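Asks: Have a look at the structure that comes next, please.
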Amino acid sequence: MAFRGPKVWLWRWRRNPLKRRTDTVEAWVVLGTWVLTVLAGALAGGTAARGVERGLAQERLQWRPTAALVTERAPGSPAGGGRGSGTALRVWGKVRWTAVDGTEHTGRARVRPGSAAGTPVTVWTDPRGRLVTEPATPAQARTRAGTIGGLAGAGAAAVPLVAGRALRARLEHRRMARWDVEWARFGPLWSRNTW
């Protein structure tokens, strides 16, 4: 088992007579990569999260619950008839509603299974009277914004991180090529027999 000395922090920045120019370049590449990775991730994630939360807040302000009527019997059979039955299970059914401007619309919305024609249901509509889903609550909006912001931040942070890794790999390749040239020059001098 080989003994490794204590970990030296910031070793790339210390003075060393054996330090090559490529070592200094690599130190700056590493620093720049991490700074850009953190900045890109934080900026993209924060921007995406704020945009999503702002959009969902606008939906909560503009989308309204609207009374509608089922126009034909919904598929399925009504659940049991006990308290709270059928509240979780919904099927697609044809409905009709009147928009704020007085125009009548029809479409498909989620209703209880087996709902008869004429059954009142609540649907959500946008300012133009089109059917939309129920808007997200503030808690749901924060969760969605955080998730999307996190994904956007991770994706944006990956770009400088991958670019930095590729640049470091290129520097390592060049360093090894120079080492091969130097070894080809001096290796034969050291391998001669002295007897």
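Asks: Spelling out what I want: for every residue of segment 14-25, take phi, set θ = phi - 60°, compute 6.51 cos²θ - 1.76 cosθ + 1.60 (Karplus), and round to whole Hz; glycine and proline get x.
Replies: With coefficients 6.51, -1.76 and 1.60, one gets 7, 6, 7, x, 8, 5, 9, 4, 5, 5, 5, 4 Hz.
Asks: So what is log10(I(q)/I(0)) for segment 64-132 at q = 0.13, 0.18, 0.21, 0.26 1/Å, when the Debye sum runs over its Cα atoms only?
Replies: So the normalised log intensities are -0.35, -0.63, -0.81, -1.10.
Asks: Which residues' amide hydrogens lie under 5 Å from the amide hydrogen of residue 117, considering only partners 5 or more residues apart or on another chain, with H built in the peptide plane?
Replies: When sequence neighbours closer than 5 places are left aside, the close amide H contacts are 73.
Each value in this text was obtained by applying a stated rule to the coordinates, not by laboratory testing. These numbers come from a predicted model, not from an experiment.
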